[in-house]
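K.L.:
Below is a structure I'd like to ask you about.
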Amino acid sequence: MTVTEERVDGLTAAEQAAFDAVVADDGRIEPRDAMPEGYRRTLVRQIAQHAHSEIIGMQPEGNWITRAPSLRRKAILYAKVQDEAGHGLYLYSAAETLGADRADLLDALHAGKQKYSTIFNYPTLTWADTMAIGWLVDGAAIMNQVPLSRCSYGPYARAMTRVCKEESFHQRQGFEGMLTLVRGTEAQRRMAQDALDRFWWPSLMMFGPPDDASPNSAQSMAWGIKRFSNDELRQKFVDVTAPQADFLGLRVPDPELRWNDERGHYDFGTPDWDEFMRVVKGDGPCNRQRLEARRRAHDEGAWVREAAAAHAARRSAVARAA
Ligand code: FAQ
């Protein structure tokens with residue numbers, strides 16, 4: 001009679017011990033390593049949500065490419081929006097190293113079964129909104145993603161290196177664009193303030209629910225996926241961004257925002273978590289429009305995927321025959 005060794009979460013005791021040792025040693029788990037099923041599931045969930053955010057995130061700024069105020073701004077915005085598509089591709093590839101199939105992940109996005117960041121469900125009503133997105137949204141993305149470049153799963157961590165370099169350029173172009181607006185006419189300055197007023201709170205929500213309402217954080221931190229909690233990263237973002245708003249001469253729309261000498265941090269107000277939950281559940285200002293545009297782009301791009309697959313099949317047939 002053969003005795004099969006007991007497995008917990010897909011791992012034998014020896015495999016679990018090897019996994020724990022790599023995580024404790026701040027090493028990297030690689031695709032061929034044994035890993036708990038829960039770890040794999042969490043990574044696929046987070047990386048897919050992240051990838052979906054990058055490609056849906058092309059829409060709000062893409063909306064302004066044809067209306068950019070100068071050729072220089074148009075070229076920069078074009079490049080930035082294309083960068084976001086590239087980030088999506090690295091991330092779908094990282095998810096595939098975990099056994100996921102990107103076609104399934106996209107199906108889940110289109111069916112509303114997988115999430116993407118709430119921030120992209122807010123409209124870009126003016127040119128200043130695209131600059132505020134660069135400054136605030138890319139700024140928040142960097143704050144969250146630099147620690148992810150040290151996460152315990154190798155392919156995800158490595159994908160973050162280039163993503164963060166590009167996001168950092170995006171953040172600076174957004175800040176420079178805001179600076180140009182606040183140094184322009186009174187109407188431009190007002191447009192910049194209005195963009196900050198509308199994007200401040202949704203940017204703080206990007207870090208996720210407060211720690212005491214974040215079901216995934218404790219386990220993700222124990223696995224070395226998350227290095228900081230949602231609230232810690234939110235605080236870091238406020239600490240870095242509030243002085244930037246001062247420099248721009250803009251007012252952050254939070255009456256509770258003030259420097260706290262004792263804590264060595266800014267105190268700030270509480271985001272509207274009911275609004276956050278509504279947007280997560282699909283009822284934000286642009287949820288329907290964003291998903292509809294994404295589904296349409298996917299359908300209209302079917303011939304490109306088919307052509308690329310046919311070309312790849314032909315090349316490999318030629319290579320085999322050679
Ligand atoms: N929106 O337990 P937690 C970018 C969900 S990329 C929607 O705290 P977790 C680049 C969460 O999934 C922006 N859903 O979850 C760019 C979970 O749901 P589930 C995206 C949210 O995973 C710039 C539930 O709530 N970045 O901006 C949100 O431990 C400009 C409970 O939450 C990433 O995805 C939200 N804001 O922590 C592109 C970074 N927050 O699945 C274009 C990677 C939470 O249990 C233009 N992701 N939820 O049903 C992460 O770091 C984490 O997933 C968090 C959430 C921190 C977002």
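K.L.:
When the Kirkwood hydrodynamic radius is evaluated over all pairs of different C-alpha atoms of segment 235-291, what value in angstrom, to one decimal, is obtained?
P.N.:
13.5
K.L.:
Would you rank ILE29, ILE55 by solvent-accessible area, highest first, keeping every protein chain in place and using a 1.4 Å probe?
P.N.:
Descending accessible area places them as ILE55, ILE29.
K.L.:
With every protein chain left in place, what is the accessible area of TYR78 in Å² (1.4 Å probe, nearest 10)?
P.N.:
For TYR78, the solvent-accessible surface is approximately 120 Å².
K.L.:
Would you calculate a helix-derived [θ] at 222 nm for the chain, using -39,500 (n - 2.57) for each DSSP H run of n ≥ 4 and dividing by the full residue count, to the nearest 500?
P.N.:
The helix contribution divided over the chain gives -20500 deg cm²/dmol.
K.L.:
Using a 1.4 Å probe on the protein chains only, how many percent of the accessible area of segment 15-131 belongs to carbon and sulfur?
P.N.:
56
K.L.:
So, how do all the Cα-to-Cα distances of the chain break down into 10 Å bins, in percent, from 0 on up?
P.N.:
Answer for the chain: a P(r) of 5, 23, 31, 23, 12, 4, 1, 0, 0 percent.
K.L.:
How much accessible surface does VAL8 have with a 1.4 Å probe, in Å² rounded to 10?
P.N.:
Roll a 1.4 Å probe over it and VAL8 shows about 90 Å².
K.L.:
How much net charge surrounds ASP107 when only the other residues with a Cβ under 10 Å from the Cβ of ASP107 are counted, with Lys and Arg +1 and Asp and Glu -1?
P.N.:
Local charge sum for ASP107: 0.
K.L.:
Have a look at ALA321, LEU89, VAL163 and report the one farthest towards the positive end of the charge dipole of the chain, computed about the Cα centre with Cβ charges (Lys/Arg +1, Asp/Glu -1).
P.N.:
Positive-end residue among those listed: ALA321.
K.L.:
Using only Cα atoms, find the angle between the long axis of helix 287-300 and the longest principal axis of the chain, and express it within 0 to 90 degrees, rounded to the nearest 10.
P.N.:
60
K.L.:
Round to a whole angstrom and tell me the spacing of the C-alpha centers of segment 237-277 and segment 21-43.
P.N.:
36
K.L.:
If I stretch the segment between TRP259 and GLU176 completely, what's the gain in nm (0.36 nm per residue apart, minus their alpha carbon distance), one decimal?
P.N.:
Difference between extended and current length: 27.4 nm.
K.L.:
Could you sort out which of LYS74/LYS165; LYS80/LYS165; LYS115/LYS226; LYS236/LYS281 sit more than 23 Å apart by Cα distance in this structure?
P.N.:
LYS236/LYS281
The values are calculated or read from the model by the stated rules, or taken from the named source; none is laboratory data. Note that the structure is a prediction, hence the values are computed from the model and not measured. Glycine gets a Cβ as well: all are built from the backbone with ideal geometry, and neighbour counts include every protein chain shown. Heads up: the accessible areas ignore ligands, DNA and RNA and are worked out on the full protein's heavy atoms, side chains in. Shrake-Rupley method; radii C 1.70, N 1.55, O 1.52, S 1.80 Å.
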